[in-house]
Amino acid sequence: MRALLTMLAGIVVAVPVVAQTPGPVPPTNQSLFESLDLPAANDLRTGAGEPGPSYWQNRADYRIRATLDTASHSVTGSETIHYTNNSPDSLDYLWLQLDQNLFRPGSRGSLVNGGGTRWRGSFTGGGDNLKKVQVVMGGHAVTPKTVVDGTRLRIDLPTPLAPHGAALDVNIDWSFVVPQYGADRMGRFHGKDGWVYEIAQWYPRMYVYDDVRGWNPMPYLGQGEFYLEYGNFDVSLTVPRDLIVVATGALQNPDDVLTAEERTRLDKARQSANTVTIIGKDDVGRPATRPAGNGPLTWHFRAENVRDVSWAASRAFIWDAASWQNVLLQSFYPREGLGTKDNPGWENSTRYVRHTISYYSTQWFRYPYPVASNVAGVVGGMEYPMIVFCGVGGRGSRLFGVTDHELGHTWFPMVVGSDERRYPWMDEGFNTFI
């Protein structure tokens with residue numbers, strides 16, 4: 001072997017040199033981990049990302065009066081938006097969102113999301129029906145020029161809205177038919193004891209005007225979520241007497257819409273870590289669960305410093321509740337949501353809600369609202385301030401997971417208020433992380 005190695009070492013082998021053409025560089029995801037190209041600190045935002053001394057947000061406060069007609073499955077409403085321009089800019093026009101127009105046949109969203117996609121929902125008769133649009137500035141009411149472009153409404157103002165705190169009112173009357181399946185964000189579920197209505201994206205609402213892009217009038221196509229101004233909401237919902245209503249905000253008139261026994265049970269739930277039955281499965285639909293009298297009832301809710309309001313109504317609701325540190329925790333579900341001993345269902349929902357609210361409040365920061373409600377229906381999983389919609393068929397760990405996820409969105413984006421329509425990865429990513 002040594003002789004062979006010596007011989008080989010003395011041999012010089014001539015190898016022709018061949019020019020090599022560099023091949024394509026395989027793609028990498030390195031750019032995803034590069035430093036973000038963020039703007040320099042200024043008076044609007046500090047270097048730490050906090051609001052600076054000149055930071056501003058516009059504000060939209062809403063007073064909404066709406067009626068649910070269960071015969072036609074329609075909602076008719078009127079609202080006043082008190083809009084405050086805190087920006088340094090004069091505004092010649094306003095942009096509002098008409099999300100129900102997603103469900104109009106031939107809408108842009110219906111063309112993008114047809115067939116069996118999750119974000120489908122257009123139907124004959126769908127869409128917003130605007131009956132009045134009025135602007136009140138300086139005490140004078142005018143009917144402005146308006147342009148409807150799909151899910152967007154532009155209102156041209158008679159005179160510019162001045163900067164630095166000037167305000168106006170927008171009065172709008174409208175109606176729409178509730179889709180049976182509304183892009184997995186709203187709709188109605190038909191159960192043994194009646195319809196469950198989950199109502200969201202239901203009132204004309206302001207687009208955001210910010211210091212980054214000015215107006216943000218991106219159309220609503222179903223899969224893109226929301227970017228909304230904050231404000232106070234005063235909402236009155238008139239429904240048939242046999243329906244139970246839950247909404248964003250605190251109920252203002254329990255004496256008018258609940259029986260004495262239900263109010264007593266609710267007071268007990270406000271002091272209990274364990275689930276308390278307000279309306280049990282054997283009481284659903286019984287006249288004794290409704291205040292004496294005839295005709296519809298109006299449920300009055302108020303919410304402060306939130307960016308949206310949603311609600312649900314049904315005669316089929318089983319209702320139970322508990323509390324955590326003065327936060328009322330509630331679940332509303334039809335009997336189709338009940339599980340079995342081996343495969344538990346919505347009878348465990350309030351316990352799941354309490355776990356979520358208490359855990360995230362301890363891990364991150366305290367839940368900022370007085371109420372947290374979970375509603376079972378046609379919507380698979382969707383979040384709104386103080387109320388979430390989860391699928392009626394959820395069971396066991398699946399129901400726990402979707403409840404935890406949707407309520408987790410309270411921390412981001414309900415409080416943070418990010419632009420979900422443009423950057424959906426932010427709120428979903430942060431929520432998955434927590």
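The values are calculated or read from the model by the stated rules, or taken from the named source; none is laboratory data. Everything quoted here is computed from the prediction, not taken from an experiment. Don't worry about glycine lacking a Cβ; one is built from the backbone with ideal geometry, like all the others, and counts go over all protein chains shown. Only protein heavy atoms, including side chains, enter the accessible area calculation; ligands, DNA and RNA are left aside. Shrake-Rupley method; radii C 1.70, N 1.55, O 1.52, S 1.80 Å.
Summing Lys, Arg as +1 and Asp, Glu as -1, what charge do residues with Cβ under 15 Å from the Cβ of V239 carry, V239 excluded?
With Lys, Arg at +1 and Asp, Glu at -1, the neighbours total +1.
For region 311-434, just say rounded, prolate or oblate: build the C-alpha gyration tensor, square-root its eigenvalues into a ≥ b ≥ c, call rounded for a/c under 1.5, and beyond that prolate if a/b exceeds b/c, oblate if not.
Prolate is the answer for region 311-434, as a/c is 1.5 or above and a/b outweighs b/c.
Could you compute the FRET efficiency for D156 and Q57, with r as their C-beta to C-beta distance and R0 at 25 Å, rounded to 0.05?
Calculated transfer efficiency: 0.60.
Find how many whole Å separate the alpha carbon centroid of region 227-257 from the alpha carbon centroid of region 169-207.
The two parts, judged by their Cα centres, are 14 Å apart.
Run the dipole for the chain about the Cα centre, Lys and Arg Cβ at +1, Asp and Glu Cβ at -1, nothing else charged, and hand back the magnitude in debye, nearest 20.
Approximately 960 debye in magnitude.
Calculated from DSSP H runs of 4 or more alone, at -39500 (n - 2.57) each and per residue, what is the 222 nm mean residue ellipticity of the chain, nearest 500?
The helix contribution divided over the chain gives -4500 deg cm²/dmol.
With everything on Cα atoms, drop me the angle between helix 396-408 and the longest principal axis of the chain, reported from 0 to 90° to the nearest 10.
Once rounded, one gets 90 degrees.
Test of the criteria: in region 76-174, which trypsin sites (Lys or Arg not before Pro) are in a DSSP loop and have at most 13 other Cβ atoms within 10 angstrom of their Cβ?
R118
With a cut-off of 8 Å between alpha carbons and a minimum separation of six or more residues, what is the relative contact order of region 242-329 in percent?
50
In terms of solvent-accessible area of protein heavy atoms at a 1.4 angstrom probe, what is the ranking of F365, F389, F123, highest value first?
F365, F123, F389
Please say if region 142-230 is rounded, prolate or oblate, where rounded means a/c under 1.5 for a ≥ b ≥ c the square roots of the C-alpha gyration tensor eigenvalues, and otherwise the choice is prolate for a/b larger than b/c and oblate otherwise?
It is prolate, given that a/c is not under 1.5 and a/b is the larger ratio.
Quote the FRET efficiency, to the nearest 0.05, computed for S72 versus W364 with a Förster distance R0 of 35 Å and r equal to the Cβ-Cβ distance.
Taking R0 as 35 Å, the efficiency between S72 and W364 is 0.20.
Please determine, in degrees from 0 to 90 and to the nearest 10, the orientation of helix 424-433 with respect to the longest principal axis defined by the Cα atoms of the chain, where the helix direction is its Cα long axis.
The two axes meet at around 90 degrees.
Starting at the first residue of region 198-206, write each ³J(HN,Hα) from the Karplus equation 6.51 cos²θ - 1.76 cosθ + 1.60 with θ = phi - 60°, in whole Hz, x for Gly and Pro.
10, 10, 8, 6, 10, 10, x, 9, 6
Counting other C-beta atoms within 10 Å, and keeping those with at most 14, which DSSP coil chymotrypsin sites (Phe, Trp or Tyr not before Pro) do you find in region 18-73?
Here the sparse-neighbourhood loop sites are Y55.
Could you check how much of the accessible area of the chain is carbon and sulfur, as a whole percent, using a 1.4 Å probe?
Reported share for carbon and sulfur atoms: 53 percent.
Roll a 1.4 Å probe over the protein chains and send me the accessible area per residue for the chain in Å².
47
Count the lysine pairs in the chain whose Cα atoms lie under 23 Å apart, taking only pairs 8 or more positions apart in sequence or on different chains.
Here the count comes out as 6.
Among rounded, prolate and oblate, which fits region 206-310 when a ≥ b ≥ c are the square roots of the eigenvalues of its C-alpha gyration tensor, a/c under 1.5 means rounded, and a/b larger than b/c means prolate?
Verdict is prolate for region 206-310.
Residue-wise, which Karplus ³J(HN,Hα) couplings in Hz belong to region 165-181, taking 6.51 cos²θ - 1.76 cosθ + 1.60, θ = phi - 60°, and x for glycine or proline?
Values, residue by residue: x, 5, 9, 8, 10, 10, 9, 9, 10, 7, 7, 7, 8, 6, x, 5, 10 Hz.
Using 0.36 nm per residue, how much length does the chain from T124 to Q325 gain when fully extended, once their Cα-Cα distance is taken away?
That works out to 67.7 nm of additional length.
Give me the percent relative contact order of the chain, please, defined on Cα pairs under 8 angstrom at least 6 residues apart.
Taking the mean separation of contacting Cα pairs over the length of the chain, I get 14 percent.
Using 0.36 nm per residue of separation minus the Cα-Cα distance, give me the extension gain between L36 and K281 in nm, one decimal.
Extra length from L36 to K281 when fully extended: 82.9 nm.
As a test question: what accessible area, to the nearest 10 Å², does H140 have when a 1.4 Å probe is rolled over all protein chains in place?
130
Using r as the Cβ-Cβ distance of N232 and A292, and R0 as 25 Å, what FRET efficiency do you calculate, to the nearest 0.05?
The computed FRET efficiency comes out at 0.15.
Tell me the net charge near H82. Cut-off is 9 Å between Cβ atoms, H82 excluded, with +1 for each Lys or Arg and -1 for each Asp or Glu.
0
Report the net charge of residues surrounding P51, where surrounding means a beta-carbon distance below 14 angstrom and charges are Lys +1, Arg +1, Asp -1, Glu -1.
Combined, the nearby Lys, Arg, Asp and Glu give -3.
How high is the relative contact order of region 51-97, in percent, counting Cα pairs under 8 Å that sit 6 or more residues apart?
39
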